[in-house]
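Here the structure comes first, spelled out in structure tokens, and everything after it is commentary.
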Amino acid sequence: MPFPHAPRARTGPRRRSLLAVAPTALLAAGCSAGSRDAGPAAGSPSPPASERARARAARDSRELAERYDAVIAAHAGLAQRLGPLREHAVRHAKAFESLGTAAGSASPESPVPAGAGPSASAPVPSASSPVPVPAKEKDALSGLAAAEREIADRRLEALLDAPAELARLLASVAAAGAAHVFVLTEG
């Protein structure tokens with residue numbers, strides 16, 4: 001007697017499992033990178049590289065918030081949906097900037113006040129002139145999702161060489177970026 005056919009099995013991981021596992025994997029990667037970097041006491045090469053990574057992450061978050069502002073201005077109907085994601089980008093920028101002020105307080109030559117982040121990257125504002133916003137809401141959301149994905153990938157690469165505290169922050173913000181991509185594409 002033949003068995004009844006089972007429903008078609010899905011191939012590959014399910015979305016829920018990816019969303020549940022991704023933050024854990026990112027945090028584990030951040031913690032392992034931190035413990036590895038805590039061993040060497042070579043002070044001179046590490047701080048400039050970590051400071052550049054932190055400044056880049058803060059700048060990326062500010063630019064992302066500006067992109068959200070541009071899309072919200074062009075498509076007012078998306079304001080309620082994009083407002084919380086924009087606020088997250090602003091908070092991420094502040095977190096990276098405050099991490100710089102906490103680390104920079106030991107060295108008086110490189111303090112980065114929370115409001116002075118953009119001045120530290122003077123050429124970037126001219127390079128990041130207002131991004132053209134597509135006329136269709138769907139295209140605008142796709143552009144934001146692509147920007148979030150690119151920045152999250154960049155942060156994942158940067159956390160491998162970052163000190164522990166910065167690596168944890170990069171991993172956490174990259175996981176949030178991955179969640180934003182999901183909300184922008186599926187939500």
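Taken together, the values in this text are just the output of simple stated rules run on the coordinates, not laboratory data. Just so you know, these numbers come straight off a predicted model, no measurement behind them. Reconstructed Cβ throughout: ideal geometry from the backbone, glycine too, with neighbour counts over all protein chains shown.
What does the extension gain come out to for Ala74 and Arg91, with contour length at 0.36 nm per residue minus their alpha carbon separation?
Net length gain for the segment: 3.8 nm.
What length, rounded to one decimal in nm, is gained on full extension from Thr101 through to Val131, with 0.36 nm per residue of separation minus their alpha-carbon distance?
Contour length minus the Cα-Cα distance gives 7.9 nm.
Using 0.36 nm per residue of separation minus the Cα-Cα distance, give me the extension gain between Arg52 and Val183 in nm, one decimal.
Gain in length upon complete extension: 44.2 nm.
Net charge within 11 Å of Leu141 by Cβ-Cβ distance, Lys/Arg positive one each and Asp/Glu negative one each, not counting Leu141 itself?
Summing Lys and Arg as +1 and Asp and Glu as -1 gives -1.
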